[in-house]
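Participant: One structure, pasted below without further comment.
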């Protein structure tokens with residue numbers, strides 16, 4: 001058999017134990033925060049029927065779905081006519097399933113299927129990988145984890161407020177202080193579309209301005225021109241999107257520009273209430289109205305959120321919003337939901353670049369027990385069971401070796417303590433504990449050493 005040089009698909013990665021320790025640091029903080037706010041855990045399959053996934057993310061999102069070929073002879077029923085109709089038609093004939101694009105649409109499917117078993121409002125969190133057939137680049141991967149928290153079955157803006165509070169609590173836990181939570185509302189965007197005379201093209205407008213940070217205003221205007229937006233409407237649009245100042249100043253300018261319409265009034269009122277809730281957080285919040293925030297995903301119908309680190313050139317580290325019609329597509333109308341998704345991979349990159357990971361975030365055991373020979377090994381095994389019964393993570397060196405080799409092993413794995421158990425220690429029932437960081441040694445019974453270890 002010819003050997004093949006191993007490689008990874010583009011946009012995917014392996015994670016070493018050191019990297020996993022840092023990822024678990026983030027995931028544990030996210031999970032603890034979700035649980036603190038009353039969200040319950042949920043998991044859904046990696047694959048969904050394409051009928052569940054398609055049509056939920058907009059035309060561009062549908063193009064990024066990873067499709068799974070049907071099992072068996074998937075081309076058996078494909079005709080020349082099918083092939084001649086093009087790839088889109090052909091893919092529907094040979095693929096009925098796809099990898100999930102996000103966690104929100106599978107949640108909607110789950111709620112519809114289990115609605116008689118759930119208590120509403122239903123608050124769930126989910127931490128699983130998702131897949132997108134996107135072009136890999138810095139901070140953008142084809143396989144990545146999302147950590148979602150959603151509340152389904154309530155229209156109260158308390159749901160939005162909890163997302164803002166929860167984001168601040170999470171980033172406080174992981175030491176990230178330089179970030180901002182951007183907010184906008186679909187009602188504001190609808191009022192803007194109406195104000196510039198393009199009310200029927202609200203979705204087109206949102207999809208275009210969602211790219212503003214990436215391609216700039218000129219390219220956005222160029223794209224909208226091709227969609228039959230007039231020069232006058234684009235000039236008015238640019239003046240609205242250029243509104244700046246504090247949140248209060250933005251609100252006042254919005255009242256002048258779009259406050260005369262009913263949808264504009266409603267949107268401004270909701271923005272003001274949301275900002276009021278944000279201020280009720282016991283510490284200062286970092287919340288900013290961003291009128292260019294549209295998030296092209298078509299299922300958002302209310303609030304829109306995006307969170308960015310302010311000192312690192314990486315995309316959003318969290319995003320979400322309110323969706324009122326998502327479960328409609330699965331036969332459950334009038335069920336509003338609001339949620340947030342945190343991206344572990346981008347949060348990891350931010351913490352790494354800003355050197356914010358704690359020094360002791362590794363998952364190595366706390367103690368290594370030495371192994372010198374068959375006689376000492378039996379005593380070492382007794383000791384390690386005592387340590388584990390005391391809930392102290394520990395490792396027994398698996399084979400007899402010289403002390404220098406075992407200490408080098410502990411040092412390489414960043415194990416902070418080594419308990420040395422030789423013949424002399426066994427006879428005296430007094431073991432030696434070596435601090436690998438300071439080099440200090442302590443001698444005593446296992447009970448004495450346990451007390452010392454626990455206070456470290």
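The values are calculated or read from the model by the stated rules, or taken from the named source; none is laboratory data. All values derive from a computational prediction rather than experimental measurement. Here the Cβ is made from the backbone with ideal geometry for all residues, glycine too, and neighbour counts use every protein chain on show.
Participant: So for the range 189-201 (the condition being part of a loop (DSSP other than H, G, I, E, B), assigned by TED's automatic domain parsing to the domain that holds residue 306 and either out of contact with any helix residue (DSSP H, G or I) (no Cβ under 8 Å at 6 or more places or on another chain) or under 23 Å from residue 164 (Cα atoms) (or both)), does at least one residue qualify?
Facilitator: no
Participant: Please state which one of 379, 399, 395 is assigned to a helix (DSSP H, G or I) and assigned by TED's automatic domain parsing to the domain that holds residue 434. Lay out the reasoning, then the answer.
Facilitator: Working: 399 fails: assigned to a helix (DSSP H, G or I); 395 fails: assigned to a helix (DSSP H, G or I).
Exactly one of 379, 399, 395 is assigned to a helix (DSSP H, G or I) and assigned by TED's automatic domain parsing to the domain that holds residue 434, namely 379.
Participant: Touching a strand residue (DSSP E or B) at 6+ places or on another chain (Cβ under 7 Å), closer than 26 Å to residue 314 by Cα and outside any helix (DSSP H, G or I): does that describe residue 182?
Facilitator: Answer is yes for this residue.
Participant: A further question follows. For the range 278-288, check the following and say yes or no: at least one residue is farther than 24 Å from residue 342 by Cβ, free of Cβ contacts under 8 Å to residues at least 60 places away in the same chain and in the same structural domain as residue 111 (by TED's automatic domain parsing). Let's see the steps before the verdict.
Facilitator: Initially, the range 278-288 is screened for residues farther than 24 Å from residue 342 by Cβ, giving none.
Checked the range 278-288: no residue is farther than 24 Å from residue 342 by Cβ, free of Cβ contacts under 8 Å to residues at least 60 places away in the same chain and in the same structural domain as residue 111 (by TED's automatic domain parsing).
Participant: If we scan the range 259-272, do we find a residue that is surrounded by 20 or more Cβ atoms within 10 Å (Cβ to Cβ), under 24 Å from residue 170 (Cα atoms) and in contact with a strand residue (DSSP E or B) (Cβ under 7 Å, 6 or more places away or on another chain)?
Facilitator: Checked the range 259-272: at least one residue is surrounded by 20 or more Cβ atoms within 10 Å (Cβ to Cβ), under 24 Å from residue 170 (Cα atoms) and in contact with a strand residue (DSSP E or B) (Cβ under 7 Å, 6 or more places away or on another chain).
Participant: Go through (1) closer than 30 Å to residue 219 by Cβ; (2) free of Cβ contacts under 8 Å to residues at least 40 places away in the same chain and name the single condition residue 190 misses.
Facilitator: Unmet condition: (2).
Participant: Hey, any hits in the range 424-438 for a residue that's within 18 Å of residue 362 (Cα to Cα) and assigned to a loop (DSSP other than H, G, I, E, B)?
Facilitator: Step one: list which residues in the range 424-438 are within 18 Å of residue 362 (Cα to Cα), which gives 435-437.
From what is left, the residues that are assigned to a loop (DSSP other than H, G, I, E, B) are 436-437.
Yes: the range 424-438 contains one or more residues that are within 18 Å of residue 362 (Cα to Cα) and assigned to a loop (DSSP other than H, G, I, E, B).
Participant: When you scan the range 121-132, do you find a residue that is surrounded by fewer than 21 Cβ atoms within 10 Å (Cβ to Cβ), free of Cβ contacts under 8 Å to residues at least 40 places away in the same chain and not in a strand (DSSP E or B), even just one?
Facilitator: Checked the range 121-132: at least one residue is surrounded by fewer than 21 Cβ atoms within 10 Å (Cβ to Cβ), free of Cβ contacts under 8 Å to residues at least 40 places away in the same chain and not in a strand (DSSP E or B).
Participant: Mind counting the residues in the range 218-248 that are part of a helix (DSSP H, G or I), without any contact (Cβ under 8 Å) to a residue 40 or more places away in the chain and within 13 Å of residue 291 (Cα to Cα)?
Facilitator: So the count comes out to 2.
Participant: Moving on to the next point. Could you please find all residues in the range 326-347 being in contact with a helix residue (DSSP H, G or I) (Cβ under 7 Å, 6 or more places away or on another chain) and surrounded by fewer than 20 Cβ atoms within 10 Å (Cβ to Cβ)?
Facilitator: 330, 331, 332
Participant: Within the range 50-67, take every residue that is without any contact (Cβ under 8 Å) to a residue 60 or more places away in the chain and not in a helix (DSSP H, G or I) and give me the one that is farthest from residue 325 (Cα to Cα).
Facilitator: 67
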